[in-house]
Amino acid sequence: MPVWTIQTGAFCALAGRRENFSLQGNAKTIEGGRHPDRDAQFAHINAAAEEHIAAGQPVISVDGKKKELVGNFRNGGREYQPAGEPVATNVYDFKGELGKVTPYGVYDMAANTGWVSVGSDHDTGAFAVESIRRWWDKVGALAYPQADRLLITADGGGSNGYRPRLWKRELAELATQTGLSITVCHFPPGTSKWNKIEHRLFAQISMNWRGQPLTSHEVIVDLIAGTTTRTGLTVTAGLDDTIYPKGIKITDREMADLETQHLTRHDFHGDWNYTVSPADQP
């Protein structure tokens with residue numbers, strides 16, 4: 001029997017090292033089934049992003065960060081505190097009266113800036129598009145005054161996935177309101193970690209608020225807005241306390257009208273790649 005299975009304490013650790021073992025955490029490396037068009041879709045996304053940026057048109061990466069419990073609860077990570085004086089938090093992480101929030105992010109690839117809407121209700125397609133609308137109204141329109149197109153890269157699932165009809169209907173309304181022709185390119189299933197917002201924005205937010213209890217909506221907004229990096233990332237954040245009902249159904253008739261009036265699917269994987277045009281455009 002191998003020695004490390006029967007020894008304990010320091011001797012066990014020593015024996016493990018002798019057998020080329022070490023203490024290790026989990027590693028997120030298993031993506032599941034690899035789609036045969038995965039690499040081709042990556043190339044399609046990169047080409048679209050390069051073309052838009054070269055033309056001075058905005059390119060954003062979007063996604064919803066994991067839900068966060070609001071209150072005096074333990075938050076993972078460590079921060080410097082006076083010796084022997086850790087921040088005291090509740091022993092039990094029960095859902096309190098403040099509930100949870102969903103930070104929905106918009107990352108501008110060319111400008112290296114982020115916008116985050118901190119939603120206090122459900123993460124739906126309407127909430128996702130409203131977050132993009134707020135980014136455009138408060139940041140995007142000022143940064144790109146000559147823009148007539150917008151490229152969005154998004155995951156394949158969730159509220160901004162390629163299947164939800166509500167996401168597409170809300171995008172059509174946004175296109176009509178802004179006059180932008182909105183192209184969406186989705187990452188293939190199981191490849192969300194490649195979406196740039198994950199490591200360029202969300203990872204930085206998590207590092208910025210590590211070890212700090214998220215005691216209120218205001219604290220969460222302030223911590224997100226205080227996120228910066230050595231490469232120049234700046235972030236704007238705001239609270240969205242709008243109610244977003246779940247279960248809104250888009251009928252087949254509504255979807256057919258949407259396809260006819262607004263939606264143009266690309267030749268390559270029209271399920272993942274499509275353009276939503278304003279109502280006054282073909």
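The values are calculated or read from the model by the stated rules, or taken from the named source; none is laboratory data. All figures in this text were calculated on a predicted structure; none of them were measured in a lab. Here Cβ is always computed from backbone atoms with ideal geometry, including for glycine, and neighbour counts include all displayed protein chains.
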Matching residues, the range 224-281, being over 30 Å from residue 101 (Cα atoms), of a type in the set (A, V, I, L, M) and part of a loop (DSSP other than H, G, I, E, B):
279
Reported set for the range 156-215 where residues are in a loop (DSSP other than H, G, I, E, B), touching a Leu at 6+ places or on another chain (Cβ under 6 Å) and more than 16 Å from residue 116 (Cα to Cα) is 180
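Condition check ((1) modelled with pLDDT of 95 or more; (2) under 23 Å from the mean Cα position of the chain (by Cα); (3) exposed (fewer than 14 other Cβ atoms within 10 Å of the Cβ)) across all residues:
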residue: 52; (1), (2), (3): yes, yes, no
residue: 83; (1), (2), (3): no, no, yes
residue: 86; (1), (2), (3): no, no, yes
residue: 117; (1), (2), (3): yes, yes, no
residue: 121; (1), (2), (3): no, yes, no
residue: 124; (1), (2), (3): yes, yes, no
residue: 135; (1), (2), (3): yes, yes, no
residue: 148; (1), (2), (3): yes, no, yes
residue: 154; (1), (2), (3): yes, yes, no
Of all residues in the range 213-264, which are surrounded by 15 or more Cβ atoms within 10 Å (Cβ to Cβ), over 30 Å from residue 276 (Cβ atoms) and charged (D, E, K, R)?
none
Working carefully through the options 162, 144, 107, find the one that is touching a residue at least 24 places away in the same chain (Cβ under 8 Å), over 21 Å from residue 241 (Cβ atoms) and buried (at least 24 other Cβ atoms within 10 Å of the Cβ).
107
If you go through the range 229-248 one residue at a time, how many are farther than 22 Å from residue 202 by Cβ and without any contact (Cβ under 8 Å) to a residue 40 or more places away in the chain?
1
Single condition residue 143 does not satisfy, out of (1) modelled with pLDDT under 95; (2) in contact with an Asp or Glu (Cβ under 9 Å, 6 or more places away or on another chain):
(1)
Would you call residue 169 over 17 Å from residue 57 (Cα atoms) and surrounded by fewer than 18 Cβ atoms within 10 Å (Cβ to Cβ)?
no
Against the conditions (1) closer than 16 Å to residue 154 by Cβ; (2) at pLDDT 95 or above; (3) among the basic types (Lys, Arg), where does residue 253 fall short? Just the number, please.
(1)
